Structure formats: C-alpha cells, structure tokens
1. Say the dipole of the stretch 528-744 comes from +1 at the beta carbon of Lys and Arg and -1 at that of Asp and Glu; which of ASN648, VAL697, LEU564 then lies farthest toward its positive end?
2. Which of the three applies to the stretch 159-244, rounded, prolate or oblate, going by the alpha-carbon gyration tensor with a ≥ b ≥ c and a/c under 1.5 meaning rounded?
3. So how strong a dipole does the stretch 528-744 carry about its Cα centre when Lys and Arg Cβ are +1 and Asp and Glu Cβ are -1, to the nearest 20 debye?
4. Quick one: dipole size for the stretch 55-280, taken about the Cα centre, charges +1 on Lys/Arg Cβ and -1 on Asp/Glu Cβ, in debye to the nearest 20.
5. For the stretch 528-744, rounded, prolate or oblate, judged on the Cα gyration tensor with a ≥ b ≥ c (square roots of eigenvalues), a/c < 1.5 rounded, else prolate if a/b > b/c?
6. Tell me, what is the per residue accessible area of the stretch 408-451 in Å², probe radius 1.4 Å?
7. Applying 1/(1 + (r/R0)^6) with R0 = 41 Å to the Cβ-Cβ distance of GLN537 and ARG181, what FRET efficiency is obtained, to the nearest 0.05?
8. Roughly how many Å² is the accessible area per residue of the stretch 235-291, as a whole number, for a 1.4 Å probe?
Amino acid sequence: MDVGGNGGGLPVNNKQRAMLPNKSRGDFTRNARKDSEGLSESPDLEFEYADTDKWAAELSELYSYTEGPEFALNRKCFEEEFRTHVSDKQWTELDAAQHRAHAMRLLDSLEVIAREKRLKVARAILYMAQGTFAECTSEAEVQHWMRYNTFLLLDVGTFSALVELLNMEIDNSAACSSAVRKPAISLADSTDLRVLLNIMYLMVETIQQDDPADRPEWKIIRETFRTELGSPIFNNEPVSVMLFGMVTKFCSGHAPHFPMKKVLLLLWKSILFTLGGFEQLQSIKIHKREELGLPPLPEDSIRVIRSMRAASPPASASDLIEQQQKRARREHKALIKQDNLDAFNEKDPYKADDSREDEEDNDDNDNSIEAETFPLERDEVMPPPIPHPPSERVSFPKGLPWAPKVREKDIENFLESSRSKFIGYTLGSDTDTVVGLPRPIHESIKTLKQHKYVSIAEIQITKEEEFQKTPLSGGEEEVEMCSTELLYQGILPSLPQYMIALLKILLAAAPTSKAKTDSINILADVLPEEMPTTVLQSMKLGVDVNRHKEIIVKAISAILLLLLKHFKLNHIYQFEYMAQHLVFANCIPLILKFFNQNIMSYITAKNSISVLDFPYCVVHELPELTAESLEAGDNNQFCWRNLFSCINLLRILNKLTKWKHSRTMMLVVFKSAPILKRALKVKQAMMQLYVLKLLKVQTKYLGRQWRKSNMKTMSAIYQKVRHRLNDDWAYGNDLDARPWDFQAEECALRANIERFNSRRYDKSHSNPDFMPVDNCLQSVLGQRVDLPEDFQMNYDLWLEREVFSKPISWEELLQ
C-alpha cells in the first residue's frame with residue numbers, strides 16, 4: 001500500500017520489538033477468535049451511533065496505560081504549589097474567590113523561563129483539569145469537579161497561554177533534533193507536549209459536553225470559546241490548522257517524538273466542537289434548503305437509520321454444504337427438477353462459472369459465498385423484528401424505509417430516450433414538452449417529477465457556473481464566514497499534504513499493516529523507557545499498543561468524515577477538492593485493505609483494561625492484575641470505538657465513490673465485493689446499510705453469475721438502500737462508465753475545482769482586465785501615495801531633472 005507516493009506501515013525497531021510480548025511480536029493481537037461457523041446465529045449488536053462515545057470513555061482514551069504513574073505525579077505537583085500559597089484546607093473546601101485566585105497564580109507561574117518549573121506548574125494545572133481526584137470518592141464527583149475547574153481555567157485565560165506554549169514546543173528545534181537522532185523514542189521524549197495536549201483536550205472535551213444544568217455564565221463562556229476556537233485568533237490561525245501542521249511535521253520525520261494520538265484526538269474534538277456533529281449537520285442542511293427555496297427533506301435520515309433492523313448475514317460455506325446435504329437426504333426419493341439441480345450446483349462454494357468468480361472466491365478467506373434462496377427460505381432474508389420503544393420507530397406505509405429520489409438528469413435521460421424511440425427527435429434539456437408521447441410515458445414522467453430531488457450541491461454548481469461565465473455582471477459573491485469556511489481557508493494551501501499525512505498514519509495504525517523499515521513510528525507516546533521484564537507487563541503493553549492503534553483509527557476516521565460532510569454542505573467544490581486528494585493518495589484501496597481482515601474479530605476485540613481507565617483508576621483501589629484477567633478482557637458484546645471506526649470508514653468510502661463512475665470502477669478493480677460481503681457478517685443495521693450501498697453501485701459490473709449466486713444480498717439491497725426510480729442497478733445495462741472516460745472525468749472535475757479556488761481565494765492572480773478602474777481625476781489625484789524615504793530626501797533633485805530642465809510644448813499637450 002502506497003499513500004501519497006511513500007510507503008506506510010508500523011515500524012518497530014529491535015529495541016521496541018524486544019519490549020513487546022513474545023506471542024504478540026508482529027501481530028499484537030490477543031483477541032478471542034471465533035470460527036466463521038455460527039456467525040449467522042450471532043445476536044444483533046446493541047450499538048447506537050453517535051458523534052462520540054460516553055464522556056468517561058472519551059476521557060479514558062486520552063491516556064495510555066503506560067502513563068498511569070503520572071496521575072500521582074500531577075497530584076504531587078499541584079499539592080506542592082497549593083500548600084505554598086494556601087492554608088491546610090482542601091481544594092473542594094475553598095470558595096469561588098479563592099479558587100479563582102489560585103488559578104490566576106498558577107497561570108502567572110506558567111510564564112517562567114525555567115523549563116522544569118514550567119512543567120511542574122503545567123502538571124498542577126493538569127491535575128485541576130483532571131478534577132482534583134484525590135479529594136473525590138466517586139467517578140461522578142471527579143467529573144463534577146472537572147467541569148467546574150475547566151470553566152474556571154478557561155475564564156482566567158489558560159487556553160490562550162497553553163496555545164502559546166504549544167507553539168513554542170512545536171518550534172523547539174533542540175527537542176526535534178534530539179528525537180531524530182535517538183534510535184528508540186519513548187514516552188519520556190514527549191513529556192512537555194503530552195502535558196499541554198492533555199490539558200487542552202480535557203478543556204475542549206469537557207466544555208463541548210452540553211449540560212442543561214450549566215450556569216448561565218458557563219453557557220456564555222462555552223459559546224465564546226466555540227467561536228474563538230474556530231477563528232484565527234490564536235497565532236492568526238484556527239487551532240485545528242496548527243494541529244494539522246503538527247501532523248504533517250510528524251509524518252515528514254522532522255518531529256518523531258510528537259504524541260500523535262493526543263494530537264489527533266484534540267484535532268477531532270476541536271473540529272467536532274467548532275463545526276458541529278451529525279445532529280447539527282442535519283439542522284444546517286434543513287436551514288440551507290429553506291434559504292435556497294428547496295422543498296424539505298423527505299425524511300430524517302438519522303431517525304430512519306436508528307429504526308432499521310440488521311439483516312441476517314450471508315451464510316458461510318459450511319452452512320451451505322450442511323444445508324445442501326440435509327435437502328439431499330430429505331428429497332433423495334423424490335423427483336428433483338433439473339432447474340433445482342442447477343441451482344444446487346450454483347451453490348457449490350468451490351465452483352464458479354467464470355474466472356472473475358474464481359479470483360473473488362480466492363480473496364474471500366471465509367468462503368462466505370451465498371446461494372440463491374429457495375421459496376421456503378425467502379422469509380429468512382430478514383430476521384424477525386426486534387421490539388423497539390414506540391418513540392424510536394418510524395412508520396413506513398409501503399414497507400421501504402427511504403422515499404425514492406430522482407435527479408433532473410435522470411428525467412432528461414428518460415425523456416431523451418422516449419422521444420428518440422417514439423418521435424425520432426430530441427429537445428435537449430426540455431423536461432416539460434410531452435407532445436407526441438404515449439399516455440403511459442406521461443404517467444411515468446409525472447411519477448418521476450413527484451420524486452424529483454434537487455440537492456444543495458446542484459444549486460451551488462449552477463451558481464458557480466454563472467460566476468465563471470459572467471465575472472463582471474455576476475456581482476460579488478457573498479461568502480458567509482462561518483467556522484467551516486474559516487477552517488477551509490486555513491487548510492487550503494496545504495490540504496494535499498494534510499490528507500497524505502492522515503492516511504499515512506491510518507495505514508500505520510491499521511491492523512492489516514505489516515512492519516516496514518521506512519514507515520512512520522506511531523508508538524512514540526505509548527512505549528515506556530524501560531522494557532517490560534515480566535509476562536504480565538508484556539501482556540499489558542501488548543493490550544496498550546493495540547488500544548493505542550484503535551484510538552488513532554477512530555480519531556482519523558471521525559476527522560475525515562466530519563470534514564467531508566461539513567465541506568459538502570458549505571460548498572460542493574470544497575468537498576470535491578478534499579475528496580479528490582484523498583482518492584489521489586490511495587484512500588480507496590487503503591480502506592479496502594483495512595476491511596480485508598476478520599472484521600468480527602476486530603469489532604469484538606477486547607483491547608482494554610477497565611480497572612486502569614480514567615477516572616476509575618484514580619478513585620478506586622486497583623485490584624491485582626493477573627495474566628488471566630488480562631486475557632479475559634471485559635464482558636462487552638463489542639468494542640464501541642472499533643465499530644464506530646468501521647462505520648466511519650464505510651461512510652467515507654461512500655462519499656468518495658457516490659456518482660463517480662471512475663471511482664466505482666476502482667471498487668470493482670480492487671475486488672471489493674468479497675471484502676464488503678464479509679463485513680455484512682456484523683449484525684448492525686447502520687454498518688450493513690453502508691456496505692450494501694457500496695455493493696449496490698458496483699453490482700451491474702460484477703457479472704450475471706455473481707448476481708445469481710448472491711440473491712440474498714440483492715434482496716437486502718432492495719429492502720434497505722434508497723431507490724432511484726430509473727436506476728437499473730441490478731442489471732448490466734449501464735453504458736455511462738467507459739474505461740477511456742475515467743481520466744477525463746477526474747480531469748474535468750479538477751479543472752472545475754481549480755477555477756473555483758482561484759476565483760474565490762486567489763485574489764493575487766485575478767485578471768487585471770476585470771479590475772475596476774477609477775476614471776475620476778479628482779479622486780485619483782486625491783489618493784495618498786506613500787513615497788520612499790530616499791525619494792523624499794532627493795525631491796529637489798528629482799524636480800530639477802524631470803520637470804524644470806525639460807521643455808514642455810503646451811500647444812501639443814493641449815491638442
């Protein structure tokens with residue numbers, strides 16, 4: 001896999017390899033494996049998709065288990081500062097004025113020159129942001145004091161000071177050069193950065209949690225902070241742009257000690273807080289459609305997806321053989337029709353009629369090949385309904401969850417073909433004239449127009465074409481300077497590098513990646529200074545490394561999806577610019593490579609030690625860890641972050657390929673069908689929906705034999721995915737995607753994007769012929785012109801040489 005032209009993978013040098021457990025070297029996985037048999041009987045996963053996991057889970061994922069001893073160190077630093085200036089009272093016993101005075105005192109101390117003193121004060125502030133946990137008796141109490149202390153710290157101006165310190169650490173060339181020379185980087189190399197990033201993350205994560213019980217002044221502080229975080233106030237750029245810069249610096253090899261997991265988590269939460277999550281996206285979309293005079297959305301997609309049920313996964317090869325033998329025993333005395341025998345032959349998982357099927361079946365490690373269902377089995381396509389609370393269910397009168405949609409282009413194509421067939425001439429883009437067409441065609445056109453859907457993107461493309469055609473008479477475009485627009489302007493100059501860097505880290509963190517010598521090391525902020533000496537320590541480090549990589553995948557997938565969705569709403573060409581650079585950096589094969597694993601094992605992985613998670617570990621006595629307790633893991637049915645990551649990556653893949661024939665054909669070329677079919681084994685409705693969408697767009701290119709032997713998948717697509725009324729996705733009749741048009745399609749899109757970016761953002765290269773000219777003599781002469789100093793000093797000489805010494809022929813001048 002090559003991301004952006006350079007290799008990627010997980011590097012582990014000899015010293016770091018020795019620090020890993022024997023049975024984990026190379027693969028790190030210690031998950032309980034399940035056989036593929038019996039997966040079809042697995043229960044539905046009770047997973048509810050959201051912007052983030054529960055608050056406690058999001059807090060715990062900030063810290064690696066290797067950082068555990070630092071909690072006590074933070075407390076010690078705080079208590080030393082506290083006892084120096086305050087009496088023997090505890091922090092929780094002081095009043096608001098004393099709290100504020102001590103916070104101001106710590107903030108002043110943060111500006112000292114001595115690095116050791118500054119680090120001690122930063123640790124004391126971190127202890128405050130962690131909720132002064134030594135004085136708390138429960139996790140709820142820790143979270144209460146975290147919220148109180150965070151708003152206090154923000155109110156006294158701590159965040160601005162932290163951003164300045166972080167900038168100073170980013171530019172610390174001594175630390176960078178020292179890290180580059182080191183053979184093995186460990187946790188100790190990033191201490192200062194980790195403390196600063198921890199405080200900033202806790203502040204952003206705590207404040208973005210909307211609590212109805214918040215005081216009125218807290219709500220004002222929260223909204224002000226949201227605006228400031230997305231504006232170029234800190235260092236003349238949004239905080240997110242600064243963090244993107246850290247990502248590219250890390251990937252370039254100039255700063256290998258950067259704690260990348262913490263940077264990515266802070267970047268994700270900053271984007272989520274400033275731009276908004278999926279609920280906000282839906283409300284922005286509704287508001288924009290109202291502004292543009294478009295009809296309301298046919299349904300609330302969030303509610304529809306939440307109300308869906310999972311389909312039973314595809315049958316595995318062993319299930320099919322067993323089913324086949326049972327039928328043969330039951331019917332060996334009966335006459336069997338020849339077509340049934342043919343159907344049974346098609347069900348043989350080791351036979352296929354064409355070479356493409358052979359290749360795809362070899363790729364499918366589970367051999368999860370489906371058979372065409374017989375009449376008795378057709379009720380098994382969907383499992384029996386799972387009872388849901390009545391408020392969560394959405395009633396659909398016709399049984400299909402989505403209202404069908406039709407594009408204007410689809411209506412035009414239908415009318416073109418109808419006119420050519422019945423009349424013999426065409427009328428271009430005219431969709432109103434139906435003269436000479438038979439009555440059934442009239443009815444068809446009426447039905448198509450009833451379901452016509454005009455997207456915000458189509459309006460934006462039309463407006464952009466008008467601006468390009470009429471640069472003078474089109475007038476000035478009013479660009480709303482919202483957080484999304486400010487972020488796009490900030491990352492626009494280096495967006496390709498940012499996308500390549502994110503994908504490089506994603507590749508290194510993917511469980512399917514193999515160690516390479518030239519790839520980046522993402523374990524700098526998880527490996528301890530001293531190698532583990534016992535089996536228990538090795539097992540704990542193995543769990544920590546796996547968890548670390550899973551959290552990185554979660555953060556990157558969420559960042560990419562949020563940016564794609566917000567840019568698409570803000571302007572379609574902003575979305576297309578980012579999407580095209582993701583495609584150029586091999587994002588499509590990278591995501592397919594990620595899914596080319598035992599996806600059920602990944603989703604049910606138990607790479608966490610709950611007793612070591614913050615805030616549990618700081619308010620409870622820790623039980624003695626044993627190898628057996630680590631091996632057993634927790635009792636959760638699935639890992640929330642891994643399922644969240646998988647759904648995000650599938651949604652990104654859908655965004656990149658939707659309505660792009662060249663990219664759809666990439667899915668076909670990379671043999672994604674068997675990989676995606678394996679992902680259907682996860683019984684979670686939302687994940688299945690996005691897998692089925694990806695299968696639907698390529699079905700027509702997979703051949704008749706594939707469709708015949710995958711009828712259960714075809715039925716699931718029909719029942720779950722939105723219908724386009726005249727889209728014959730299930731047949732091979734589409735001629736839109738021709739191999740010689742692929743490059744032309746991407747080049748045309750790229751030209752449109754470059755014209756948009758040049759027109760809106762590149763003011764320096766605007767055409768001088770289109771610039772306004774001032775023809776008024778008085779205003780031209782009245783303009784103030786700044787003259788250089790040397791000219792002013794030698795003004796008399798200039799007058800003598802250029803004016804007095806040259807004869808002027810006034811008659812000629814006046815003529």
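1. It is VAL697.
2. Working: a/c = 3.60, a/b = 2.08, b/c = 1.73.
In terms of gyration-tensor shape, prolate.
3. Working: 30 positive and 16 negative charges, 332 e Å.
Dipole of the stretch 528-744, to the nearest 20 debye: 1600 debye.
4. Dipole of the stretch 55-280, to the nearest 20 debye: 680 debye.
5. Since a/c reaches 1.5 and a/b is larger than b/c, the shape of the stretch 528-744 is classed as prolate.
6. I get 63 Å² per residue for this part.
7. On the way: r = 28 Å, r/R0 = 0.68.
That gives a FRET efficiency of 0.90.
8. Accessible area per residue: 30 Å².
The values are calculated or read from the model by the stated rules, or taken from the named source; none is laboratory data. Since the model is a prediction, treat every value here as computed from it, not as a measurement. As a convention, Cβ positions derive from the backbone with ideal geometry for all residues, glycine included, and neighbour counts pool all protein chains shown. These area figures cover heavy atoms from the full protein model, side chains too; ligands, DNA and RNA do not enter into them. Shrake-Rupley method; radii C 1.70, N 1.55, O 1.52, S 1.80 Å.
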